Amino acid sequence: MVEYVRQFVAERPRLRLCHDRHGNLLIELPGRKRTPRWIFTAHMDHPGFVATRMIDAQTVEADFLGYVLGDFFNGEGVRFFDGQREIPAVVQSHVPGKNRPVPGKALLRVGKEVPRGAPGMWDQGMGRFRSGKFYSRVCDDLAGAAAALQMLDLLHEHPAAATVGVLLTRAEEEGFIGAIAASMQPTLLRKSDRLIAIECSAMQPFAPQGNGAIIRIGDRTSVFNSSLSYFISQQAGKLAERDRSFKHQRALMPGGTCEATVYDVYGFTAASICVALGNYHNMNAAKKKIGPEFIDVNDWKNMVKLFVRVAEHGHTYEPGHAALKKRLEKRFGKWKRRLTPDRTPSRPRDGSGRSV
């Protein structure tokens, strides 16, 4: 992932790439005006295995990082990666993590030696399209990161007024560790930044796939910046007026907690945009087995459209609900006479007839 990003930036001369000491990456596309930056942020990791040692010639021990329930482990296929070499494996057993409801270690049967440190993922094949969906061993959050890079690609020749950045974080699946580092020791971020956390969020009945990109107003843990969320909603509405193919939703997505909560806790102005995800963390709940994650392709395309719209109009954002306040005060000016009737209402009286 990191090598892909470096190559992506090298091929686009207007982009700048930097990193912090924790391995988080920031890509910047300088804007035409001196206004606060708009930073779209996605994470680079996904739940998976890290080989720790060979127990014998056919058994490798691995740590498991991320949230996948133990019921989905035994007998499932895994693929370890060692440079260009791929090593198939099958989970034999797993051990619960310390103070965690999910496994922390697993033993896997292999046909070849797996080097210490080699990453492993559920063996769900390469990405493929079927019936308007994209299936892959990982969508969360590489689909979000890909959408952010697509936005930069579309803006590259004609940059927005505001500087637009993409922050790519590490170790989100272990508890937002990269985002916490970026917030506590902000060498890449500024308090003036407007942050939009990108996610593939577990599908909800009230926010189904196929109904468009989702303006995520909150997660399981918190709600996000109201003013920024309103601005994004307004931009989505204006985009829908000019593009009839554009679809969007607005919902609190309680399937998990996302990085916007971290940024909010540390005093940044943060909102979120996501797409609905099927087989969250590869867990096919209906079949009780591991399966490919999947998203709706048009939802993803609509998310990219919304990113571009927000980036191009970000310089018009006024914090503190300025736009909504204008609407409310205009309404008040029109209807305040409702508060001043023609005559003062008579005062109520008690049983003796005296005014009270």
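The values are calculated or read from the model by the stated rules, or taken from the named source; none is laboratory data. This is a predicted model, so every value here is computed, not measured. In this analysis, Cβ positions are derived from the backbone assuming ideal geometry, glycine residues included, and neighbour counts consider all displayed protein chains.
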Condition first: among the basic types (Lys, Arg) and either farther than 15 Å from residue 111 by Cα or without any contact (Cβ under 8 Å) to a residue 24 or more places away in the chain (or both). Now tell me which residues in the stretch 56-95 satisfy that.
85
Taking the stretch 218-232 as the region of interest, how many residues are closer than 21 Å to residue 315 by Cα and not in a helix (DSSP H, G or I)?
2
Specify the residue that is farthest from the chain's Cα centre (by Cα); the eligible residues are those in the stretch 98-111 that are under 14 Å from residue 53 (Cα atoms) and surrounded by 15 or more Cβ atoms within 10 Å (Cβ to Cβ).
110
Evaluate the stretch 198-207: report whether one residue or more is under 17 Å from the mean Cα position of the chain (by Cα), crowded, with 19+ Cβ neighbours inside 10 Å, acidic (Asp, Glu) and over 20 Å from residue 298 (Cα atoms).
no
Are any residues in the stretch 62-120 assigned to a strand (DSSP E or B) and either of a type in the set (Asp, Glu) or touching a Ser or Thr at 6+ places or on another chain (Cβ under 9 Å) (or both), and if so, which ones?
62, 63, 82, 86, 92, 105, 106, 107, 108, 109, 110
All but one of (1) surrounded by fewer than 21 Cβ atoms within 10 Å (Cβ to Cβ); (2) hydroxyl-bearing (Ser, Thr, Tyr); (3) in a strand (DSSP E or B) hold for residue 272; which doesn't?
(1)
Tell me, which strands (runs of 3 or more DSSP E) lie completely within the stretch 1-58 with 1 or more residues that are within 30 Å of residue 72 (Cα to Cα) and over 19 Å from the mean Cα position of the chain (by Cα)?
48-56
Given (1) surrounded by fewer than 20 Cβ atoms within 10 Å (Cβ to Cβ); (2) under 16 Å from residue 48 (Cβ atoms); (3) of a type in the set (A, V, I, L, M), identify the lone condition not met by residue 95.
(2)
Test result for residue 194, surrounded by 23 or more Cβ atoms within 10 Å (Cβ to Cβ) and either outside the structural domain of residue 40 (by TED's automatic domain parsing) or basic (Lys, Arg) (or both)
yes
Residue satisfying all of: in the stretch 215-272; β-branched (Val, Ile, Thr) and out of contact with any Phe, Trp or Tyr (no Cβ under 7 Å at 6 or more places or on another chain); farthest from residue 177 (Cα to Cα) among these
232
State whether the residues of the stretch 61-70 include one that is within 18 Å of residue 146 (Cβ to Cβ) and either assigned by TED's automatic domain parsing to the domain that holds residue 189 or modelled with pLDDT of 95 or more (or both).
no
Quick check: is even one residue across the stretch 68-80 surrounded by fewer than 20 Cβ atoms within 10 Å (Cβ to Cβ), more than 17 Å from residue 138 (Cβ to Cβ) and aliphatic (A, V, I, L, M)?
yes
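Conditions tested, residue by residue: (1) in the same structural domain as residue 91 (by TED's automatic domain parsing); (2) buried (at least 24 other Cβ atoms within 10 Å of the Cβ); (3) within 12 Å of the chain's Cα centre (by Cα); (4) in a helix (DSSP H, G or I).
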| position | (1), (2), (3), (4) |
| --- | --- |
| 234 | no, no, no, yes |
| 237 | no, no, no, yes |
| 257 | no, no, yes, no |
| 299 | no, yes, no, yes |
Please count how many residues of the stretch 125-162 are in contact with a strand residue (DSSP E or B) (Cβ under 6 Å, 6 or more places away or on another chain), part of a loop (DSSP other than H, G, I, E, B) and farther than 17 Å from residue 66 by Cα.
3
